[in-house]
1. So the check is Cβ under 6 Å with 6+ separation or different chains; which pairs have a first residue in the stretch 35-53 that's within 14 Å of residue 71 (Cα to Cα) and touching a residue at least 24 places away in the same chain (Cβ under 8 Å) and a second one that's of a type outside the set (Asp, Glu) and assigned to a strand (DSSP E or B)?
2. Looking for whichever is of a type in the set (Lys, Arg) and either modelled with pLDDT under 90 or over 20 Å from residue 27 (Cβ atoms) (or both) here; the options are 109, 89. Which one fits?
3. Name the strands (runs of 3 or more DSSP E) wholly inside the stretch 73-164 in which the number of residues that are surrounded by fewer than 16 Cβ atoms within 10 Å (Cβ to Cβ) is 1 or more.
4. With respect to the numbered conditions (1) in contact (Cβ under 8 Å) with a residue 40 or more places away in the chain; (2) in contact with a Phe, Trp or Tyr (Cβ under 6 Å, 6 or more places away or on another chain); (3) not β-branched (Val, Ile, Thr), which one is the sole condition not fulfilled by residue 65?
5. Does at least one position in the stretch 106-113 carry a residue that is within 26 Å of residue 67 (Cβ to Cβ) and small (Gly, Ala, Ser)?
6. If I go through the stretch 40-65 residue by residue, how many of them are in contact with a His (Cβ under 8 Å, 6 or more places away or on another chain) and not in a strand (DSSP E or B)?
Amino acid sequence: MTFNLRSWLLICLLLAAPFALADNREYTQFGHSIYIGPDQHTGDVTCFLCSVRVRGQVGGEITTFGGNVTIEDDASVGGDVTAFGGTVRLGPATKIGGEVTVMGGTLIRDPKAQIGGDVTTFSGQGWLFVIFGLPLLVFAGIIALVVWLIQRRQRPAQTYARAA
């Protein structure tokens, strides 16, 4: 029994159809907030300079850089929730399967919210400077030193006038 190209395409289509029809896509946004509705099921959610609001189910992780995470009543997240420079707000009856980490922001947690992993918070903007700003300053200092050393080596020799 031999398979021709049409048979292989049909088999591949039948195998891929359940994944194509699943509403388990991942969201990544830059500057546009993400809203997961009560009837939505998604994978990972990543947001740069924007916020995430969840009323449905997130099967993966939520990560924001410079934005807030709000997980409302009866919403669930299967993985970790991480916010750099933003607030994480957990409503009543929310379920987080992984860890919650907040760097340079605050955690507002309802007592009925369930978190499966550890909770780590580094409140205040100073942590963002220590984590991101300080290494950049050291790197800039090294570059300035290298530029200064190169310019110093390339200076022409000074000539002095001779007395007659």
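The values are calculated or read from the model by the stated rules, or taken from the named source; none is laboratory data. What you see is a predicted model; the values in this text were computed from it and never measured. Every residue, glycine among them, receives a Cβ derived from its backbone with ideal geometry; neighbour counts consider all protein chains shown.
1. 36/42; 36/54
2. Matching residue, one of 109, 89: 109.
3. On the way: elements: 81-84, 88-90, 100-103, 107-109, 119-122.
It comes to 107-109, 119-122.
4. Just one mismatch for residue 65, condition (1).
5. From the stretch 106-113, those within 26 Å of residue 67 (Cβ to Cβ) are 106-113; that's our starting set.
So of that shortlist, the ones also small (Gly, Ala, Ser) come out as 113.
Yes, the stretch 106-113 contains at least one residue that is within 26 Å of residue 67 (Cβ to Cβ) and small (Gly, Ala, Ser).
6. Total meeting the criteria: 3.
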